[in-house]
1. Of all residues in region 71-93, count the ones that are within 13 Å of ligand 2 (Cβ to nearest atom) and not in a loop (DSSP other than H, G, I, E, B).
2. Say whether the condition of being within 12 Å of ASN243 (Cβ to Cβ), of a type outside the set (A, V, I, L, M, F, W, C) and within 15 Å of ligand 2 (Cβ to nearest atom) is met by at least one residue in region 130-146.
3. Can you go through GLU93, GLU42, GLU22 and tell me which one is charged (D, E, K, R) and within 9 Å of ligand 1 (Cβ to nearest atom)?
4. Go through region 1-49 and report how many residues are surrounded by fewer than 15 Cβ atoms within 10 Å (Cβ to Cβ) and not in a loop (DSSP other than H, G, I, E, B).
5. Go through (1) assigned to a helix (DSSP H, G or I); (2) aliphatic (A, V, I, L, M); (3) surrounded by fewer than 18 Cβ atoms within 10 Å (Cβ to Cβ) one by one and return the number of the condition LEU306 breaks.
6. Go through the residues of region 251-273 one by one and say whether even a single one is part of a loop (DSSP other than H, G, I, E, B), closer than 23 Å to GLY182 by Cβ, hydrophobic (A, V, I, L, M, F, W, C) and at pLDDT 95 or above.
7. If GLY212 meets every condition in (1) over 27 Å from GLU93 (Cα atoms); (2) part of a loop (DSSP other than H, G, I, E, B); (3) more than 14 Å from ligand 2 (Cβ to nearest atom) apart from one, which number is that one?
8. SER86 - would you say it is buried (at least 22 other Cβ atoms within 10 Å of the Cβ) and within 13 Å of ligand 1 (Cβ to nearest atom)?
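The values are calculated or read from the model by the stated rules, or taken from the named source; none is laboratory data. Keep in mind it's a predicted model, so treat the numbers as computed, not measured. Glycine gets a Cβ as well: all are built from the backbone with ideal geometry, and neighbour counts include every protein chain shown.
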Amino acid sequence: MQILVTGGAGFIGSHLCKKLLENGDTVYCVDNLISGSKHNIEALMQNPRFIFINHDVIQSLNIDVEIDQMYHLASPASPNHHSKISYHALALETMLVNTTGTLELLNLAKKHDAQFLFASTSEIYGDPEVHPQPETYQGSVHTTGPRSVYDEAKRFGETIISYFWREHNVNARIVRIFNTYGPNMLVEDKRMIVNFILQALADKPLTVYGDGSQSRSLCYVSDTVEGLMRLMNYPDTSQEIVNIGAQEEHTVLEYAHMIKKLTNSKSEIVMSEQLPEDDPKQRQPDIAKAKKLLNWEPTVTLEHGLQKTIEYFQDRTKN
Ligand code: NAD
Ligand code: UDP
């Protein structure tokens with residue numbers, strides 16, 4: 001198949017492109033490198049079935065081959081206000097890629113009669129009052145808070161998709177991805193896992209925000225990619241909205257301790273600053289729908305996934 005992946009040079013996108021190439025597909029990776037890196041796709045560039053297109057998907061894209069499937073993953077994704085590639089630093093770009101970009105790409109999908117998958121997020125549930133979060137939960141999002149540039153853009157992205165279901169009969173689906181981690185996250189991304197691993201490897205203090213009692217459930221990237229591909233390829237998935245994420249839930253403080261232990265680090269764990277505004281206190285997906293519809297659930301243990309990620313950052317920080 002001929003498959004277009006937006007955000008293919010990013011963390012999740014680069015793993016997806018690799019898997020699609022292994023399956024024998026031809027991959028058109030469309031990325032403007034705003035929060036991704038050529039390093040993530042260096043090895044893929046050797047494959048003649050991998051075509052990199054440096055393009056901002058906010059602008060319309062003309063492609064002169066028939067496209068069968070489109071995965072729309074392009075968007076800054078880090079919430080960390082210390083990161084220069086966070087959705088705070090790239091607020092306008094984030095709002096536009098998930099709205100105008102989604103609209104442009106859906107028009108392209110319609111033209112090509114291609115199947116479409118939109119990467120939405122657990123953030124559309126905001127700071128949730130329902131726990132764990134099922135797809136039917138409508139969320140608790142602060143429309144003008146600091147995270148709204150991402151959360152509300154993703155929510156409007158979902159609205160645009162639903163319009164294309166209703167009015168244009170486009171074969172589209174929405175995946176709500178929960179915290180995913182693994183190799184190819186960028187050092188400057190500064191999400192929790194990246195920060196804690198890099199700090200632990202350098203024997204520097206692990207910076208816990210707030211008192212560390214807020215919780216997250218972490219899914220290893222190969223499991224997330226498998227979920228995305230099943231949602232695209234399983235029959236009768238058009239118009240479906242599915243949570244993809246892990247259910248094993250820990251507090252941020254527990255993750256700090258786990259990483260310190262796995263890296264044999266001498267680092268201290270410090271409560272370095274206040275919890276950022278609107279930082280969700282708890283997060284865990286209800287994945288009953290993914291299990292039933294896609295026969296999907298995570299397979300990689302947290303310890304194994306963390307070890308692979310630690311090895312990756314050990315390699316990246318050598319010299
Ligand atoms: P990432 O920042 O590593 O990758 C995103 C990629 O999109 C980058 O390579 C970036 O350069 C590219 N991009 C951004 N704007 C673009 C534009 N206008 N045109 C072309 N390319 C553009 O992020 P990620 O963690 O791999 O996330 C991928 C997708 O999954 C995002 O849509 C994100 O919102 C969603 N998601 C991720 C997580 C997670 O835990 N990683 C959780 C929920 C949702
Ligand atoms: N966090 C932290 N220290 C850091 C980075 C993040 O305590 O150095 C916290 C952050 O406030 C949040 C959790 O870890 O409560 C997960 O943050 P991440 O950046 O991974 O993304 P989020 O799950 O908030 O989207």
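1. So the answer is 2.
2. Here is the first cut: in region 130-146, the residues within 12 Å of ASN243 (Cβ to Cβ) are 132-137.
Now narrow it down to the ones that are of a type outside the set (A, V, I, L, M, F, W, C): 132-137.
Okay, now just the ones that are also within 15 Å of ligand 2 (Cβ to nearest atom), so 132-133.
Yes, region 130-146 contains a residue that is within 12 Å of ASN243 (Cβ to Cβ), of a type outside the set (A, V, I, L, M, F, W, C) and within 15 Å of ligand 2 (Cβ to nearest atom).
3. On the way: GLU42 fails: within 9 Å of ligand 1 (Cβ to nearest atom); GLU22 fails: within 9 Å of ligand 1 (Cβ to nearest atom).
Just a single option satisfies the conditions, and that option is GLU93.
4. Residues flagged as surrounded by fewer than 15 Cβ atoms within 10 Å (Cβ to Cβ) and not in a loop (DSSP other than H, G, I, E, B) within region 1-49 amount to 5.
5. Result: LEU306 fails condition (3) only.
6. Narrowing region 251-273 to residues part of a loop (DSSP other than H, G, I, E, B): 263-268.
Those left that are additionally closer than 23 Å to GLY182 by Cβ: 263-265, 267.
Then drop every residue that is not hydrophobic (A, V, I, L, M, F, W, C), which leaves none.
No, region 251-273 has no match at all.
7. GLY212 satisfies all of (1) over 27 Å from GLU93 (Cα atoms); (2) part of a loop (DSSP other than H, G, I, E, B); (3) more than 14 Å from ligand 2 (Cβ to nearest atom) except (3).
8. Considered against the rule, which asks whether it is buried (at least 22 other Cβ atoms within 10 Å of the Cβ) and within 13 Å of ligand 1 (Cβ to nearest atom), SER86 comes out as yes.
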